[in-house]
Amino acid sequence: MNTEINMAVAVVGPGAIGTTVAAMLHEVGRTPVLCGRTPRDHLALQEDGRSMTVPRPGSDEPKADHSHG
């Protein structure tokens, strides 16, 4: 039986490591919900001469956000 499960991915704390993980997920088509304390409309990653922008579906509120499920 081949069952595909499409679960949402959340990155809590999009600092240096969280931004890198979010960018890698976005690159393979799994844009995560970003949870951070500073409101931003996107994240930008620059690495080895290339840059990537990750849109920010998410919240800076510390409550559960189930609107992206």
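Every read-out reported here was derived from the displayed coordinates using simple, explicitly stated rules and does not represent laboratory data. Please read these numbers as outputs of a predicted model, since none were measured by experiment. Cβ coordinates were reconstructed from backbone atoms using ideal geometry, including for glycine residues, and neighbour counts include every protein chain displayed.
Report the gain in length on full extension from Gln46 to Ala16: 0.36 nm times residue separation, minus Cα-Cα distance, nm rounded to one decimal.
9.7 nm
Other residues with beta-carbon under 12 Å from the beta-carbon of Thr20 carry, at +1 per Lys or Arg and -1 per Asp or Glu, a net charge of -2. For the range 10-59, the alpha carbon convex hull comes to 65 Å³ per residue, rounded to a whole number.
Neighbouring Cβ atoms within 10 Å as the yardstick, rank Val28, Val54 fewest first. Working shown, then result.
Working: Val28 7, Val54 22.
Starting with the residue having the fewest Cβ neighbours, the order is Val28, Val54.
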